[in-house]
Structure formats: structure tokens, C-alpha cells
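The values are calculated or read from the model by the stated rules, or taken from the named source; none is laboratory data. These numbers were taken from a predicted model, which means no experiment stands behind them. Ideal geometry is used to build each Cβ from the backbone, glycine not excepted, and the neighbour counts take in all protein chains shown.
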Amino acid sequence: MQPKKKTNERPQGKKPDAERRLRQADRLARVLRVLQLIQGRGRWDTKAIAQEIECSERTVYRDLAVLELAGVPWTYEKESSSYRVRPDYQFPILNLTDEELLGQATAASATKAPGLDVNLGAKPTSEKLAAKANDKSEQILLEAQRFTEVLDLKLADHSRHRDFIRTVQWALIQKKQVTGQYQSPYEERPVKLTLHPYRLSLVKSAWYLIGRTPQESLPRTYRIVRFKSLRMLDEPAIIPNDFSLKAYLRNAWSVYRGEQSYHVELLFFKNAAEVVTETVWHHTQKVQRNSDGTVTITFTVDGLNEIVWWVLGWAGRVQVVQPLELRQLVLSQHRQAIQINEDDKL
């Protein structure tokens, strides 16, 4: 009698664990999709839901029953012939760690600072979390905000341009074009611009819109405070998926990238050595501490028109080693300053 051969066949009707878990995950994803639909806009009856998630109406009824068992209070509105989640229903608070609560509180404090207070910020979120949190979590949220303050960021005054910033944010989210009047310092009068917005960015002291006009192939940088008017259009915007703000700015000192790249070497004297090294001024920065107490700092910068003003701020405490073009720019500005301040007519 021949021994029975072992086979890998499983008993009929029994499914492996991996397959069962996959089916459960698919069902959970489908139930969450139903919840997303009836929470959002639009009119969703069983037929519309079934078509959207590609299942039968019977399956939709089962998924609605799962949501009901989970405590989600959905209702069927006869007036709109659609399913809706009760508007006053609030989902349970997230299980946040102490570090996450501290991060939220810090964000709430930061977004209250002038220049960063461009919308409601994180404060309303913190207040809602505190209202639903346990005593310990509530204390962390409230006390961290109480003792964390952000002051005097030296940002450009955006108090009159908050609506413009929000307009750009919504245009980016909805992928719509924007249009408005822009006052360039190099133009006598404001010019009308229509832009495909690419990014909204806070760089050093101001908010900027990076966008492209329909007539141009490459984007440009526009300072938000220079817009005299700005509104969102109902025209779709083309925002490249591969656009990178870092690649766009590359080695610009701030936001305006010059065509030529320079290796900048600056020698800071002892009376500035400690202060200047407390900050990372540029992503290409390299610091060398010298035996005599001075510090040599080098950068790779695209264009010199922005860094020259930073160097002038260290007047009397820094020497431009290279490039020669930067040294000449610094000397020229110093000569003009001396001439203006020595004028007896003032």
C-alpha cells in the first residue's frame, strides 16, 4: 500500500489568514469610504454610494449598519433623499502623546505672532482638543501656550494682506488661478497679473507667492505685500507635480536667485565671532574657527544683490575675502553712506 502523499491543499472552504486579513482590510476601507461620502458634500443615497465605490446596494446597507453599530449617528434625510452624519456629532479625541500635545501648543503660540497670524492658526484646534481632553492633557495644552510666546519676528507687515494669503492658500488647494494688481519696485504703476500659483512660502522676513503667468514657461517670485488686489479665478491652474521650491531657489541668499554662482568667503573679527556663529544663515554655510579668535565663514550663493545687505549689517566687524565683486559692492555702499551722512545740508 502506497503511503499518502502530502499536499499543500487546504480544506475546502477554509481561507488562509493572509487572505482573510486582506478581505477584512478591504471591507474596512470600504466602510470608511462610505463614512467619508456621507460626511462630505453632495447627495448620497444607496444607489449613488454603490456606484461611487463599485459595489451592490445591499453591500452599502451592510456598511451603514456597521457604522451604526460603531456609534456613528447617520440619518436619512427625506428632503434631500440622502444619507448624512448628524451635524452635531463629534468624533472621539485622538490619543495624543505628551510630546504631540506640546507640539500643538507650540504651534498655537507661534501662529498668534504678528506676521504668522495669517488665518485662525492652531489656537482653535488646541481649544477643541483641550475641551475634550483629560485633565493632564488639558493642562499641557493650556500651560504650554501660557508660557510660550513668540515676539518681534521682524516680519514684513502682512496685517493688510491676510486675505491675500488666504486667497493663495485656497487657490493652491483648489488648483485655481489667481489675478490681481501687483506693484513692483521696478515699475512706476501696478501691473495686472494672472498667475498659476505654485507655492506660498515664508522666507526670512516676508511671505512670497511663486507662480507663473500664462504667457511664460517659468515661474517667478512675487512678494505678497506688493499686491494691491488679489482674487481667485474659476479657471484651473496647472501646478507641476515635480515642482520643488528648494530646486527653484537653489543657492539664492533669500528668494531672488542670480544667474551667476559665487563662492563667498568672509572673515569675522573676534568681536563678532561668537554671535555670527549662533545662526545658520544659509544652507551652504561652512564655519572655520581660527586660532586668533576670528572666524571664517564660506557660502555658495547664486547672485550677490541680497547677501551684500547682510554683509553691510556687520560693518566694522567683517572683511570680504572673496569674491572681489562682493567687496566692491560693499565698498560702494559704504562710500554712499559716508557721503550722505557727511552732507552738511542735512
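A few comments on the model shown:
- Meets criteria (assigned to a loop (DSSP other than H, G, I, E, B), in contact (Cβ under 8 Å) with a residue 24 or more places away in the chain, on the phi < 0 side of the Ramachandran plot and assigned by TED's automatic domain parsing to the domain that holds Ile140) for Leu116: yes
- Number of the exception - Val287 against (1) touching a Ser or Thr at 6+ places or on another chain (Cβ under 7 Å); (2) among the β-branched types (Val, Ile, Thr); (3) under 24 Å from Arg199 (Cβ atoms): (3)
- Against the list (1) loosely packed, with under 13 Cβ neighbours inside 10 Å; (2) of a type in the set (A, V, I, L, M); (3) within 30 Å of Glu100 (Cα to Cα), the condition Ile165 fails is (1).
- Any pair with Cβ under 7 angstrom, 6 or more apart, that starts in the stretch 51-65 at a residue that is without any contact (Cβ under 8 Å) to a residue 60 or more places away in the chain and ends at one that is part of a helix (DSSP H, G or I) and of a type in the set (D, E, K, R): Ile53/Arg30; Ile53/Arg33; Cys55/Arg30; Glu57/Lys47; Asp63/Arg30
- Selection of the stretch 100-111 for residues being surrounded by 15 or more Cβ atoms within 10 Å (Cβ to Cβ) and either free of Cβ contacts under 8 Å to residues at least 12 places away in the same chain or under 24 Å from Trp170 (Cα atoms) (or both) yields Gln104, Ala107, Ala108, Ser109, Ala110, Thr111.
- Residue ID - surrounded by the most Cβ atoms within 10 Å (Cβ to Cβ), chosen from residues in the stretch 112-162 that are β-branched (Val, Ile, Thr) and over 17 Å from Asp98 (Cα atoms): Val118
Yes/no matrix, rows are residues, columns are (1) more than 21 Å from the chain's Cα centre (by Cα); (2) not hydrophobic (A, V, I, L, M, F, W, C):
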{"site": "Thr148", "(1), (2)": "yes, yes"}
{"site": "His161", "(1), (2)": "no, yes"}
{"site": "Arg166", "(1), (2)": "no, yes"}
{"site": "Val178", "(1), (2)": "no, no"}
{"site": "Thr194", "(1), (2)": "yes, yes"}
{"site": "Arg212", "(1), (2)": "no, yes"}
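- Leu151 vs. criteria touching a residue at least 40 places away in the same chain (Cβ under 8 Å) and in a loop (DSSP other than H, G, I, E, B): no
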